[in-house]
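Enquirer: First the structure, then my questions, so here it is.
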Amino acid sequence: MIGNLLYTESVLSTIKKELKSIYPELKVTNEEIERVLFNGVIKREINEGDESEEAKKKIAKSIKKGLMKT
């Protein structure tokens, strides 16, 4: 569940903000950050499988209900 939270817009935007504070000349999008996380940082078990799909559904439902920021 925690790994899947890393893919929410609010977390991706925070990562982007922190990267820009360290590397002001860096031009990066949330989609690029998500791709790097998916392909090289987050373990495969978090990105794939039944537990991952269930976590994604719970996160989406929480966002839809307004319980989480996007």
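Enquirer: How about the stretch 9-41: which of its residues are open to solvent by less than 80 Å² (accessible area, probe 1.4 Å) and hydrophobic (A, V, I, L, M, F, W, C)?
Expert: Once the filter is applied, which keeps residues that are open to solvent by less than 80 Å² (accessible area, probe 1.4 Å) and hydrophobic (A, V, I, L, M, F, W, C), the stretch 9-41 yields Val11, Leu12, Ile15, Leu19, Leu26, Val28, Ile33, Leu37.
Enquirer: Next question, about the same structure. Only helices (runs of 4 or more DSSP H) wholly contained in the stretch 1-43 count here; list those with 2 or more residues that are among the acidic types (Asp, Glu).
Expert: Values: elements: 2-5, 9-22, 30-36.
Correct list: 9-22, 30-36.
Enquirer: What pairs come out if I take residues in the stretch 8-30 that are within 25 Å of Ala55 (Cβ to Cβ) and pair them with residues that are open to solvent by less than 80 Å² (accessible area, probe 1.4 Å) and acidic (Asp, Glu) whose C-beta lies under 7 Å away, six or more apart or interchain?
Expert: What qualifies is Leu12/Glu34.
Enquirer: Considering only residues of the stretch 9-44 that are β-branched (Val, Ile, Thr) and modelled with pLDDT of 90 or more, which is farthest from Lys57 (Cα to Cα)? Can you show your working first?
Expert: So the first thing to find is which residues in the stretch 9-44 are β-branched (Val, Ile, Thr), and the list is 11, 14-15, 22, 28-29, 33, 36, 41-42.
Still in the list and also modelled with pLDDT of 90 or more: 11, 14-15, 22, 28-29, 33.
On the way: Val11: 17, Thr14: 22, Ile15: 23, Ile22: 33, Val28: 27, Thr29: 24, Ile33: 21 Å.
Here the answer is Ile22.
The values are calculated or read from the model by the stated rules, or taken from the named source; none is laboratory data. All values derive from a computational prediction rather than experimental measurement. We place every Cβ from the backbone using ideal geometry, glycine too, and count neighbours over all the protein chains shown. The area values use the complete protein model at the heavy-atom level, side chains included, leaving out ligands, DNA and RNA. Shrake-Rupley method; radii C 1.70, N 1.55, O 1.52, S 1.80 Å.
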